[in-house]
Each structure stands twice: as structure tokens, then as C-alpha cells.
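The structure appears right after this line, and notes come after that.
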Amino acid sequence: MTSESPFQFSSVDNSASTRNAPDQNLPDYMKVIVGDFPPTTRADVAIRNVLELNLAMMGIYDTALKKYQKTFLARHPVILALFTGQGGKLTLYRPNKEPLHAPSVPVHYQVYKSVSHSSMAVFELVGSNLGNVSDRSWVAPMCSFRVANQSALDGLDAVDLSVETRDNQAIILGSNIKFMDACLGNGDYAFADLRKYAQEVKPHLQKNIHWAATTQVEHWMKVVKDWKEMLGPDWDKTYAASNTLYVTRQNNILFSVLAQFFGSEAMNTRLFLFETPEFVTTPELMLNVLIRTVSDRSVGQVFFGDDYVMDYELMGGDARKAIEVEGKKYGIPVFLPPLVPFHSNEWPFRIDPGQGQGPATIEQIKTGG
């Protein structure tokens, strides 16, 4: 017995003459959009029809995801810890309640960061023009940035800081101005000048880094502690996610704070670190990634018998085998990570000190000449 399609189509004349015959009766206004292209082959149509299944799956997937998200958020609290220039934004989503937005990190965190970034800006301005100092294209932007540094320094006494931290900001800004004045006064500069300036300002930048990190951690540790106490038993079914770029993946601050309260058993199970293409992302995008990751575990269990198989590149295992075969074919050594279980509570970044070399903290860096 053969199954019949519920859709019935009239017979079509597939003869070459019928398929290829151009319509000679097109009005001029239609000739603007109708091109004289080779006819689409039956094979091309067949391939397109098959590939349309994948496009259809994406639409079905997106529709289903909205339903999954509604169901998930009705059952589980979720914490999103998103990167911002203000030290992060934490939001707690609770079933049947409005999202709870945590207070921002104290503003002096931004002061330390902004002043420290001013020295980075000086480097970028000077470094990007080292190859063409003589054309003086750097002069106007440096004059402008010098004014900005002077304005910040002039108003520093009105910023709510301790004497020690205010003095440190003044030293950094003063060093910036001193270096730029020398460049502008001489009409040029060399790498040695930039190097000397960087070494002079380095210890003061290190102080700012310490104060900013401490301020940020103290603030978010208290927020997450208070939320955990508020949620009580519901904490054990709470999920959390933070976002990162490659450069902030190692020692990610917001994720590391969350890990202290979630514990190792929640790592990669209820606690996630997702890479995003920009520093700043939206809660909507992060919720989509979170719900997609968790809901795909049902797919993994139903089709393959494992909840976590979809947390990883599904074709990755067979791709490893193919790489080994191709590596032998090309006579090159195969370089692959260890084969590890799909479900792992390991930190989602580098944790083996034996795999690297060199310093691991700013303090360990030995500055050369």
C-alpha cells in the first residue's frame, strides 16, 4: 500500500519545449523584472525542496522556543548577569512576578575604570600614529583629548572619593597631560617616549584595577547572597547565565561571583557562561540562548538517550574521527582536546596551570626594557 498526498496537483507538461519557451506576450513593464536566465533544472528544484526543510525547521523551532520559555519561566527563577560599562546588570526573573533589577555598582567603580581607560586611549592614539608621526594627523585629536583630561582633573575635587583614591586619579590624569604636552610641544614622539610614559603610569593603573574589582565583587556578592536567601528552597531550581567575549572569558567576574553561590554541581547544568559577539547584549537574546540550551536537552534524551549531548557540537565526535583520518592522509600531527563526558561540572575556561607558561597575574609580570 502506498500513501497518497492529501494534495492533488494537475498534470504538468514537463517537455523541454514547454519548459523553455519564453513568453512572447510580456508587456514592457514586465520585461524590467523578467530576466533571460537558463531554466532551473529538476535537480536544482529537488535540492531546493530538501533544503527548505531546514529553513522550515528554524521557523518551527523559534515558535516552539517561545512556548518553552513561557513554561520554563513559570517554573524556574532565572538570574541574568550581563556585562555593562557600569559594572554589570543583574536581573532576577521569578515565576509570576515582575523582574527584579539589582541596584547598580557604586559609581566610583566607573570613575576608576574611566580614568584607567584614559591612559589606554592615550596609548591607542599615539600607537596608531607611530608610523606616520611626521604628518601630524595626531595633533588635533590629541589636543581634544588633552582638554578632556584637563576637564576631568579640574573637577576631581567634587567627586566623592577617598583622599587616597582621588590622589591616584589625579596622578594618572596628570601623567596623561604631561605626556601629551611633551608630544605636542616637540611636534613628535618615539616609541621610547610611549614606553616610559606607560611604565610611569602602570603602578597607579594597578591600584585602580584593584579598587574597581573589589568594588564590583563586594557589590554583586551581596546582591546574589540576598537573592539566594530570598528565594529559599527555590534556589535549587534557579538557573543563571552571564555573557562574555573571548577577552573576558578567563576569570570572568560576574560568572565567578555567581559560581560562589551556585556551587560546582550547578556548573554547566544550571549555571552558564555564554559567549556573545559584543560586550553588551540584551536580556532577550540571553534568555533565548538559555532556554534553547536547556530545552535541547529534551531533544538529546529523546533521540540519543542523553540529556547533555546537545550541549556540544553534535557532529563533533564523528568530526574528531574524520580529522584523525585526514590528518594521517596529509601527514600532519592531530591536535585535539581530550575526549570528555558531555556532562561536566568543570569551569568553562582554562583551569589547568600545567597547560600554559608565563605570568598569571599582573603582579607576576616582569617588565622588560
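Laboratory data are not the source of any read-out in this text; all were calculated from the coordinates shown. From a predicted model like this one, the values you see are computed outputs, not experimental measurements. Please note: Cβ atoms are built from the backbone with ideal geometry, for glycine as well, and neighbour counts cover all protein chains shown.
Values for this structure:
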item	result
Selected from A121, A190, S137, residue furthest toward positive end of dipole (segment 108-212; charges at beta carbon)	A190
Cross-link table K66/K222; K113/K228; K89/K225; K89/K366; K70/K237; K66/K97, entries beyond 23 Å C-alpha to C-alpha	K66/K222; K113/K228; K89/K366
Integer Hz, Karplus 6.51/-1.76/1.60 couplings in order for segment 252-265, x for Gly and Pro	4, 5, 4, 5, 5, 5, 4, 4, 5, 9, 7, x, 5, 5
3J(HN,Hα) from dihedral phi, segment 134-140, Karplus parametrisation 6.51/-1.76/1.60, rounded to Hz, x for glycine, proline	5, 7, 6, 5, 7, 5, 4
Segment 55-211, relative contact order [Cα under 8 Å, separation at least 6], %	20 percent
Cα-projected label distance for R320 with I47, points at 7 Å along beta-carbon direction, nm	3.3 nm
Square roots of 5 times each gyration tensor eigenvalue, C-alpha, the chain, largest first, Å	52, 34, 24
Of G331, G185, G305, the one that fluctuates the most in a GNM where the chain has Cα springs shorter than 10 Å	G331
Projected label distance in nm at F342 and W235, using a 7 Å step from Cα toward the beta-carbon	3.1 nm
Point-charge dipole on Cβ atoms (K/R +1, D/E -1) for the chain, about Cα centre, debye to 20	420 debye
Computed magnitude of the charge dipole of segment 108-212 (debye, nearest 20; Cβ of K, R +1, Cβ of D, E -1)	220 debye
J(HN,Hα) series, segment 27-39, from Karplus relation 6.51 cos²θ - 1.76 cosθ + 1.60, nearest Hz, glycine and proline x	x, 4, 5, 7, 5, 5, 10, 9, x, 9, 9, x, x
Estimated [θ] at 222 nm from DSSP helical runs (n ≥ 4, -39500 (n - 2.57)) normalised by residues in the chain, nearest 500	-17500 deg cm²/dmol
Max mean-square fluctuation residue, GNM over the chain, Cα-Cα springs under 10 Å, options N96, N132, N176	N132
N186-E218 pseudo-label distance in nm [points 7 Å out on the Cα-to-Cβ vector]	4.1 nm
Solution diffusion estimate, µm²/s, Stokes-Einstein, segment 203-336, Kirkwood Rh from C-alpha pairs, 37 °C, viscosity 0.692 mPa s	183 µm²/s
Packing-based ranking, highest mean first, of 307-316, 237-246 given that Cβ atoms within 10 Å are counted	237-246, 307-316
